[in-house]
Amino acid sequence: MANKARIYDDGGKSIDRYTLVVPSVNEPGKLDMYGFDENPYYPQGFGQFAGSCDKMPSYAHLGKLISYNDLPDQAQRYVKEVLTLPLPDGYGMSLSVLSSGRKARRKKPKKAGTRSATGIRGLTR
């Protein structure tokens, strides 16, 4: 795990119980924050990019500093993915983008010369 990553636990006071704080991907000198709970992959779970900010004098409002090993299994998986997956433009995290390894089939566009391709019906030659 990255040695500059920090994880905070607010003890369950909020839906984003845990906060991951890492150096920003796009904005040098700033920090990226991710909020998540113990089941970020569950449909009612929570796990998302919370924003970028300047370094703060204190992080006490995020809870107590904990180690990666103190997290539940699913939360550990989420942190690993945040730290290893490339993010589009460095912002956000779309967990639904994770693929099953299959490539999506692309449909060939219809030729523009056909009526069905133009969407106009009733035209004669």
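Derivation of every value follows stated rules applied to the coordinates shown; laboratory data play no part. These numbers come from a predicted model, not from an experiment. Every residue, glycine as well, gets a Cβ built from its backbone with ideal geometry; the counts of neighbours run over all protein chains shown.
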How many lysine pairs does segment 6-92 hold where the Cα atoms are under 22 Å apart and the two sit 8 or more places apart or on different chains? 6
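Ratio to report: Rg/Rh of segment 6-92, with Cα atoms as the point set and Rh obtained by the Kirkwood method; give two decimals.
Numbers: Rg = 12.3 Å, Rh = 13.1 Å.
Rg/Rh for segment 6-92 comes to 0.94.
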Under 18 Å from the Cα of K4 - aspartates and glutamates, other chains or at least 8 residues apart: E27, D32, D54, D70, E81
Treat each spin label as a single point 7 Å out from the Cα along the C-beta direction, and report the A60 to A5 distance in nm. 2.7 nm
